[in-house]
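Each value in this text was obtained by applying a stated rule to the coordinates, not by laboratory testing. A quick note: this is a predicted structure, and the numbers were derived from the prediction, not measured. Every residue, glycine as well, gets a Cβ built from its backbone with ideal geometry; the counts of neighbours run over all protein chains shown.
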Amino acid sequence: MKKTLVLVMLVMAIVVVAAFGFTACNKEDNTEKTPVVKVVDVKLTSEEYAFCVNKSNTELLAKVNEYIALIKSNGTYDEILNHNMNSASSPVLVESAPEGTANALVVVTEAGFPPFEAMRGQYFIGIDMEIAKGLATYLNRPLVIKSIDFDGIFSVVEAGNADIGMAGITVTDERKQIITFSETYYDSAQVVIAKNGDTLFNECTKEADVVEVLKNLPAGTKVGVQNGTTGYLYVVGDESLGFDGYSNITYKGYATVALAVQDMLNGNIDYVIADEAPAKKIADNMNKF
């Protein structure tokens, strides 16, 4: 009898402890997460994005420009832009047909540049990818998307191994020597990404303020950029774009902006310079975890 009573009491104690532990483990954590990175909200440049096609493919160029005009006039472009800029919106999943599909519209991109292009499992998402999907439908062609390094896009299109490059591409005179640009569809700018605790840019309200801070950084300050992008040209200098560059800054190139930001958080570089929309999207994503 005593043994039975002790056993019952023991079981009840275990149930109470287990229930308490379960409740404690599942208690909602309302602690606000401290951001790890921030974007200096000052535009350093003024740029325009466009798609690129082979110089000889004038028929495709005309159709691309026709489609850009159509989606801007009927509200489709604004809808694509708005839901991709809104982190609460569910992304539209864009599927690529297998390589070698007959009569396919072959698009090359660099799928690490949200909100313009990124991957969600086996699917592509982002502004450019949705436009690519709509363009392929408009042309009545299957869509094949290939993700490659950004700085390889132009040579691939020039060689005729892809129909169009769609990767948040800034229009430059140097690139015009290799490929032809469509009508522009988005205005962009370069910005600085810093660790959240960094205070150097706190008083900056205009471009000249940020430039002054960048010019006075200690010699050898390391800044990450995505290879082949305008961010790279901004740091090293480019006469055709009016960029003087920074002799005191040592740049380090990365395949994607996200890799550069992660390396900054790891303490290997000091800052990142990148396009504004991707910079903000990547910062938002990293600050969630």
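Laid out as a table, the results:
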| item | result |
| --- | --- |
| Protection proxy ranking of 217-230, 272-285, 95-108 - average other beta-carbon atoms within 10 Å, highest first | 272-285, 217-230, 95-108 |
| Of the DSSP H helices in the chain, those whose Cα atoms cover at least 20 Å axially and whose Kyte score averages -0.5 or more | 2-25, 58-73 |
| Under-5 Å amide H pairs with Glu48, H placed in peptide plane, nonlocal only | Val171, Ser188 |
| Rounded to 5, percent antiparallel among DSSP beta bridges of the stretch 47-187 | 65 percent |
| Entries of Lys195/Lys222; Lys55/Lys133; Lys146/Lys288 with Cα pairs more than 18 Å apart | Lys55/Lys133; Lys146/Lys288 |
| Simple spin-label estimate for Ala159 and Gln122 in nanometres, 7 Å along Cα-Cβ | 2.7 nm |
| Long-range amide H partners of Asp270 with built H, under 5 Å | Lys222, Val223, Gly224 |
| Average silhouette area of the chain, convex hull of alpha-carbon atoms, in square nanometres | 22.4 nm² |
| FRET efficiency, 1/(1 + (r/R0)^6) with R0 25 Å, evaluated for Thr101 and Glu79 via beta carbons | 0.35 |
| Separation of alpha-carbon centers, the stretch 230-260 and the stretch 65-99, rounded to whole Å | 29 Å |
| Gyration tensor verdict on the stretch 47-187 (Cα atoms; rounded if a/c is under 1.5, prolate if a/b is larger than b/c, oblate otherwise) | rounded |
| Descending Cα extents along the principal axes, the stretch 108-212, whole Å | 52, 36, 23 |
| Placed amide H near Arg120: partners under 5 Å, 5+ positions off or other chain | Ile125 |
